[in-house]
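Taking it in order: structure first as structure tokens, then the write-up.
The values are calculated or read from the model by the stated rules, or taken from the named source; none is laboratory data. The structure displayed is predicted, hence computed values, not measured ones. Here the Cβ positions follow ideal geometry from the backbone for every residue, glycine too, while neighbour counts run over all protein chains shown.
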Amino acid sequence: MGYQVLARKWRPQDFSEVIGQEAVVTALQNAVSGDRIAHAYLFSGIRGVGKTSVARILAKGLNCENGPAAEPCNDCDTCREITAGADFDVIEHDAATYSKVEQVRELTESLKYGPAHGRFKIVILDEIHRLSRQAFDALLKIVEEPPDHLVFIFATTEAEAVPATILSRCQEFRFRRVPLDALASYLEKVAAAEKIAVGASALRIIARAGDGSVRDSVALLDQLATFGSGAIDDGDAARLLGGLDQGVFRDVLSAIGRGDSAVIAEITARIEDEGWDPRFVFGEFLSYCRMALHLCLGAEPERLETTREEAQALAGLAREIGYAQILRALNLLLQSEDNVRRSESAALALEVAWLRAAELPRLVAIEDLLAGAAASGSDPKAARSGKVAPAVARSAPTAPAARSKKPAPKRKTAGSRKSEKKPPPTIQASPQESEPADPVASFLTAIGRKRQALAAHLSGANSLTFADGLLRISVPPGDAWLRDRLARDSNRDTLEDALAAIWGKRAKWKIVEQEATVAAEETSPKDEAAQKALEDPRVQSVLEIFGGSVESVKPAKEH
């Protein structure tokens, strides 16, 4: 006999050889053992997971000469004939080529007669969703009220395309994708029996490429064994199956975590030069980032769909980058998925998506801005992790003296006022106080940890001055907004707690109105509108995503 492909040679012949479908196998074995045989079954699931094979095994179990048996003997004449497809009592058709209503009517007429020598006449219809609507109608009557000797077994990869009138008359069993570990173990068993030299990494690459299908995975093993003359190299497996060494993905993720755009451009050029499909690479990288995210959440490396060594290396990288940054990068990459998959320049779209993700480490969260991390010039990553206490950048303590000596500023025109920015509020501190270098910044940081909006408004005050145990909060004349907010118990308690933590329990605070002439020149409706815009959660989300700032606020146009 000529060579038989491994997918046919290793087709399951009894329930014990079926992998990854334990629930289905157990239910069918119990049905046969308990004499609870349904008149119609529907097996649904992706290709190559055992639907037709289980249908044949069930047929053998029902008609086995030593049964009905939960496990067919495969030795009697009936079992051997069913295996060879030569049993008259087991009728198997492919609905894709047997879809006409006349063919179905002819079949239903022949089913009225009893079995030739077995207990049941069994009809296996594969890909039943391919039947025409008229063919389904012709089949419905006999499926609804079949003779006692008749059992239907339908198989389909698209259960949603089967009419509800047929589904309601069947016991449905859903065949799941076979897990990666189970597939790899099965391939190792096949390789050992066929004397194929293959490593664990190559087996997992093949199993991953099989995408949960046993038949596809065994066929790929057969193909690679033919290519390597009985030996499969890890590099050949990755190259021939369209996959990439996960070390490349590790390098990309590491570069994104560091914000190293040059490395990303180099890797993208390499992918393009070697002819990899950018769309496939992008999808695989998303899966890789998802594994990194799960590792940050405490997943066991052994449970991931990759080798143990790669999982351990990825776990270390994931801890280094951090959960929050991986989550942001994955979210940003998902937003670019359509661009990569639909673009005619897929390689460029892939590079742009990765480069955008590499910009995330340079961005500062709006929470850090409100707490003063950006203004202090400290490392945003360190500020987010809590290792560096963020401070609000303000002018030196000598600024108030210099300001008091200079003459009153001249009133500026509207044009010149637009081109100038409002100077930051001035901090004054008593020289007699024994304080940290910038206690007011620490005060605002303490408030920002609990109430960011309050810290933002205090930062927007014209000046914060602490002297003689009193914190003076200067506001423009007639500005009662801050006063109203501090009338609330929660805001007032937060302010007083921070005040006590920085300057002691005896420290007091007071809101004072600044002189009208100064306030008129330093405060403008534009500044107030920008401050209110910063309070809007939607604006905060936009600033966090794009790393922007509020420069001006314009009223909405009326329609």
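Can you name every residue in region 483-499 that is of a type outside the set (Asp, Glu) and over 15 Å from Gln452 (Cβ atoms)?
The answer is Arg483, Leu486, Ala487, Arg488, Arg492, Leu499.
Going residue by residue through region 37-46, is there one that turns out to be part of a helix (DSSP H, G or I), closer than 25 Å to Ile142 by Cα and touching a Cys at 6+ places or on another chain (Cβ under 7 Å)?
Taking every residue of region 37-46 in turn, none turns out to be part of a helix (DSSP H, G or I), closer than 25 Å to Ile142 by Cα and touching a Cys at 6+ places or on another chain (Cβ under 7 Å).
Quick one: would you say Asn66 is outside any helix (DSSP H, G or I), surrounded by fewer than 18 Cβ atoms within 10 Å (Cβ to Cβ) and touching a residue at least 60 places away in the same chain (Cβ under 8 Å)?
No, not satisfied.
Return the residue satisfying two criteria in turn: it lies in region 271-306 and is more than 23 Å from Asn339 (Cα to Cα) and in contact (Cβ under 8 Å) with a residue 60 or more places away in the chain, and of such residues it is farthest from the chain's Cα centre (by Cα).
Selected residue: Thr306.
Checking Gly45 against (1) on the phi > 0 side of the Ramachandran plot; (2) surrounded by fewer than 19 Cβ atoms within 10 Å (Cβ to Cβ); (3) touching a strand residue (DSSP E or B) at 6+ places or on another chain (Cβ under 7 Å), only one condition comes out false. Which one?
(2)
Okay, residues lined up against (1) touching a residue at least 24 places away in the same chain (Cβ under 8 Å); (2) within 34 Å of the chain's Cα centre (by Cα); (3) outside any helix (DSSP H, G or I):
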residue: His129; (1), (2), (3): yes, yes, no
residue: Phe152; (1), (2), (3): yes, no, yes
residue: Phe173; (1), (2), (3): yes, yes, yes
residue: Ala184; (1), (2), (3): no, yes, no
residue: Ser201; (1), (2), (3): yes, yes, no
residue: Ile205; (1), (2), (3): yes, yes, no
residue: Leu220; (1), (2), (3): no, yes, no
residue: Gly235; (1), (2), (3): no, yes, no
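Restricting to strands (runs of 3 or more DSSP E) lying wholly in region 404-482: which have 1 or more residues that are in contact with a Lys or Arg (Cβ under 9 Å, 6 or more places away or on another chain), modelled with pLDDT of 50 or more and more than 16 Å from Ala507 (Cα to Cα)?
In region 404-482, 463-467, 470-475 are the strands (runs of 3 or more DSSP E) which contain 1 or more residues that are in contact with a Lys or Arg (Cβ under 9 Å, 6 or more places away or on another chain), modelled with pLDDT of 50 or more and more than 16 Å from Ala507 (Cα to Cα).
What number of residues within region 77-103 are assigned to a helix (DSSP H, G or I), exposed (fewer than 15 other Cβ atoms within 10 Å of the Cβ) and at pLDDT below 85?
Here the count works out to 1.
Count, please, the residues in region 1-36 that happen to be part of a loop (DSSP other than H, G, I, E, B), closer than 25 Å to Gly210 by Cα and not acidic (Asp, Glu).
Of the residues in that region, 11 qualify.
Search region 251-270 for residues that are under 22 Å from Gly322 (Cβ atoms) and pair each with any residue that is among the aromatic types (Phe, Trp, Tyr) when their beta-carbon atoms are under 7 Å apart and the residues are at least 6 apart or on different chains.
That search, which allows pairs on different chains as well, returns Val252/Phe285; Val252/Trp354; Leu253/Tyr288; Ile256/Trp354; Ile264/Trp354.
Taking region 213-243 as the search range and keeping residues that are hydroxyl-bearing (Ser, Thr, Tyr) and surrounded by fewer than 20 Cβ atoms within 10 Å (Cβ to Cβ), which one is farthest from Leu6 (Cα to Cα)?
Across region 213-243, the extreme among qualifying residues is Ser229.
It is to be established whether one or more residues within region 24-41 are in contact (Cβ under 8 Å) with a residue 24 or more places away in the chain and among the basic types (Lys, Arg).
No, the conditions are met nowhere in region 24-41.
In region 487-518, how many are part of a helix (DSSP H, G or I) and modelled with pLDDT under 80?
Residues that pass the stated criteria total 6.
Pick from Phe154, Phe175, Phe120: which is touching a Gly at 6+ places or on another chain (Cβ under 9 Å), hydrophobic (A, V, I, L, M, F, W, C), modelled with pLDDT of 85 or more and closer than 21 Å to Ser53 by Cα?
Result: Phe175 is the single residue among Phe154, Phe175, Phe120 that is touching a Gly at 6+ places or on another chain (Cβ under 9 Å), hydrophobic (A, V, I, L, M, F, W, C), modelled with pLDDT of 85 or more and closer than 21 Å to Ser53 by Cα.
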